[in-house]
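Q: First, the structure itself, so that you have it in front of you.
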Amino acid sequence: MIDFKKGYIIKKCDNIEPLKEIQNYLCKLLHKHFDFYHDDPFTSLNQLHKFAPNLNATQLNEKRVGLIEDFNNEIDCSEMIFSAFETIITQFLGPDILAQKKSNVVIQMPNDPNPSEIHRDAPSHSPYEIVLWVPMVDCFKTKAMHVLDHQKSNVLYDFLAKNDDWANFEKEATAQSEYVPVNFGEALIFSTTVLHGSHINKENETRVSLNLRYKNIFSPSGLKNQLQYFKVLKTSDLLKIGSELQFKKIDYNLQKNKKEID
Amino acid sequence: MNSYYSCLDTLLIAPQAEQHDLIKRMAYNNNGKIVFYGAEEYFVARSQPFILNKLKRTPNLNGVIFFTIDQFCYGEKFNTELMLNIVKIGLSIHFARENISVLNLKDLKIKYVEFISYYHCKKSEQNFVNEYYFL
Ligand SMILES: [Fe+2]
C-alpha cells in the first residue's frame, strides 16, 4: 500500500528509457523553436535562458505554445510517462486508467517574474485524480515546486471558507509550504487537493517540466469535461467483459421491444 | 461530400450561434456539411424521442451531429438505446464539443466503455462537488 497521507510522494521511475526519449524529443523541439543547438540534453534544457536570451514574456509564451503543440502532436506523452511509472500509477488507480490527452510543458527560466502562484487543481480536476509532475532536469531549491501537505491544505481552506481572506490565506500557504527537490528520472505525484506552486526561480538553471493527470475510469470526474480532457489509456479484461454484457443487454431489450411493437 | 443533420443542445446555456459554429466545423472536419437543422420543438431534450423518426424521414443523410454527448446524459441513464438505433439505420453520430465520432455499430461497441464512464463519473461528481468545494 502506498503511504500517501501527505497527499504527495516522490517516486523513482521503473524505466528511464521513455523519459530519456521524451527529454531528447523536447530538446529537438527547443533547438527548433529557440533556434540553437547543443548535443547534451541537460545543457540544452538547463541553459536554455543562455541559448535564448532577451526574450520578453510574450515572445517566450508564443514559443512555448508552439512547442507544446508540436510536442503533443508528435508523441504520446501520457503513454510514455505511464510506461516509466507504470507500477506506482497502477497501484494508485488500478488497471482501468484514463490519461490526460495533452501534456503541459512548463519552462521556468531564472528570475522569470511569473511563477505559478499557489493553488490546488480540484475541483476543476477530480480529487480522485493524481498529478504527475515530471521534471526533465534535476530540480532543487527555488528551481523546484513547493507543496503543502494534505492536512495543512485542508486547514487553510477551512480558514479561507470562514474568513474569506485570500491575502492571508496565500501568505500562510506560502510560509507553510516546502520545496520538494525532484531529479530527472523521478516524479512528484500529488493529489489535486494539495496546494502547490512555484516561486521565482533564483537558481542559475532553467526548469523544464511536464505535468499530466491520470484517473481511474469510473472515479468521479472534476468540473472539466472528461471526454474532452482525458482518453482511455488502459482497460482490464474484466472491464471489457462487464461492459460487453451491459451493451448486449441493452441491444437485446431494444430488439425485444421492437418485435413487440411490430 | 457527406450530409449531416444538426442537433443543438437546448438545455445548455451556451449561445446557439456558438453551438452552430462548432457543429458546422465538425461537419467540415468529417468531409461534409449540414443539410438539416433540427428545430427545438422536434425533440424533448431529456430523451429526444422524436429525433430517430426525424432522421429516418430525412433523405440522403450520412450522419447526425450533436453539440455535446451531454444530450445523451440528461435522463435517468445514459441513452445507449438512441445511439444504437441511430447507428442501426446506418448513420454516423458525432459530438462537436467533445470532437468524438461514432462511425458504426462496431465503433459504438469500442467507445461504449468511454461513454458510460463519462456518464457515471459526471453523475458522481454532481453529488459532491457543489456541496463541498463551493462553501
Ligand atoms: Fe496545478
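Here is a yes/no grid of residues against (1) hydroxyl-bearing (Ser, Thr, Tyr); (2) touching a strand residue (DSSP E or B) at 6+ places or on another chain (Cβ under 9 Å); (3) more than 17 Å from A:Gly7 (Cβ to Cβ):
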site	(1), (2), (3)
A:Ile88	no, yes, no
A:Gly94	no, yes, yes
A:Ser126	yes, yes, no
A:Glu129	no, yes, no
A:Tyr157	yes, no, no
A:Val194	no, yes, no
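Q: Continuing with the same structure: Where the second residue is within 9 Å of the ligand (Cβ to nearest atom) and among the charged types (D, E, K, R) and the first is more than 14 Å from every other protein chain (Cβ to nearest Cβ) and lies in the range A:112-134, which pairs have Cβ atoms under 8 Å and are six or more apart or on separate chains?
A: A:Val131/A:Asp121
Q: Further question: Here are some conditions: (1) closer than 28 Å to A:Gln23 by Cβ; (2) within 16 Å of the ligand (Cβ to nearest atom); (3) crowded, with 19+ Cβ neighbours inside 10 Å. A:Ala173 meets all but one. Which one does it not meet?
A: Going through the list (1) closer than 28 Å to A:Gln23 by Cβ; (2) within 16 Å of the ligand (Cβ to nearest atom); (3) crowded, with 19+ Cβ neighbours inside 10 Å, A:Ala173 breaks only (1).
Q: Quick check, is A:Phe159 within 13 Å of the ligand (Cβ to nearest atom) and closer than 30 Å to B:Lys122 by Cα?
A: no
Q: Under 9 Å by Cβ, and 6 or more places apart or on different chains, what pairs join a residue from the range A:175-204 that is of a type in the set (Lys, Arg) with one that is surrounded by fewer than 16 Cβ atoms within 10 Å (Cβ to Cβ)?
A: A:Lys202/A:Asn111; A:Lys202/A:Lys141
Q: Picking from A:Lys249, A:Lys259, which residue would you name as being among the basic types (Lys, Arg), over 26 Å from A:Asp121 (Cβ atoms), more than 12 Å from chain B (Cβ to nearest Cβ) and surrounded by fewer than 16 Cβ atoms within 10 Å (Cβ to Cβ)?
A: A:Lys259
Q: From A:Leu239, A:Leu227, A:Leu233, which residue is buried (at least 16 other Cβ atoms within 10 Å of the Cβ) and more than 9 Å from every other protein chain (Cβ to nearest Cβ)?
A: When all the criteria are applied, what remains is A:Leu233.
Q: Can I ask one more? Let me spell it out: the conditions are (1) over 30 Å from A:Glu17 (Cβ atoms); (2) among the β-branched types (Val, Ile, Thr); (3) out of contact with any Pro (no Cβ under 6 Å at 6 or more places or on another chain), and A:Val208 meets all of them except one. Which number is the exception?
A: Among (1) over 30 Å from A:Glu17 (Cβ atoms); (2) among the β-branched types (Val, Ile, Thr); (3) out of contact with any Pro (no Cβ under 6 Å at 6 or more places or on another chain), the lone unmet condition for A:Val208 is (1).
Q: Another question, then. For the range A:111-141, give me each residue that is farther than 22 Å from A:Leu223 by Cα and either within 16 Å of the ligand (Cβ to nearest atom) or modelled with pLDDT of 95 or more (or both).
A: Answer for the range A:111-141, where residues must be farther than 22 Å from A:Leu223 by Cα and either within 16 Å of the ligand (Cβ to nearest atom) or modelled with pLDDT of 95 or more (or both): A:Asn114, A:Pro115, A:Val134, A:Pro135, A:Met136, A:Val137, A:Asp138, A:Cys139, A:Phe140, A:Lys141.
Q: Looking at the range A:29-43, can you tell me whether even one residue there is within 21 Å of the chain's Cα centre (by Cα), surrounded by 13 or more Cβ atoms within 10 Å (Cβ to Cβ) and within 30 Å of A:Thr193 (Cβ to Cβ)?
A: No: the range A:29-43 contains no residue that is within 21 Å of the chain's Cα centre (by Cα), surrounded by 13 or more Cβ atoms within 10 Å (Cβ to Cβ) and within 30 Å of A:Thr193 (Cβ to Cβ).
Q: In addition: Test each condition in (1) surrounded by 20 or more Cβ atoms within 10 Å (Cβ to Cβ); (2) under 22 Å from B:Ile13 (Cα atoms); (3) at pLDDT 85 or above; (4) at the interface with another protein chain (Cβ under 10 Å from one of its Cβ atoms) for B:Asn99 and report the one that comes out false.
A: Status for B:Asn99: all satisfied but (1).
Q: Sort out which residues of the range A:1-22 are in a loop (DSSP other than H, G, I, E, B) and surrounded by 15 or more Cβ atoms within 10 Å (Cβ to Cβ), and write them in order of number.
A: A:Phe4, A:Lys6, A:Gly7, A:Cys13
Q: Of everything in the range B:70-90, what is in a loop (DSSP other than H, G, I, E, B) and in contact with a Phe, Trp or Tyr (Cβ under 8 Å, 6 or more places away or on another chain)? Give them in sequence order.
A: Correct list: B:Cys73, B:Lys77, B:Phe78, B:Asn79.
Q: So, one more: Within the range A:184-237, track down each residue that is within 15 Å of the ligand (Cβ to nearest atom), in a strand (DSSP E or B) and aromatic (Phe, Trp, Tyr).
A: Across the range A:184-237, the qualifying residues are A:Phe190, A:Tyr214.
The values are calculated or read from the model by the stated rules, or taken from the named source; none is laboratory data. Fair warning: this is a prediction, and the values are worked out from it, not measured in the lab. Heads up, the Cβs are rebuilt from the backbone with ideal geometry, glycines too, and the neighbour counts pull from every protein chain shown.
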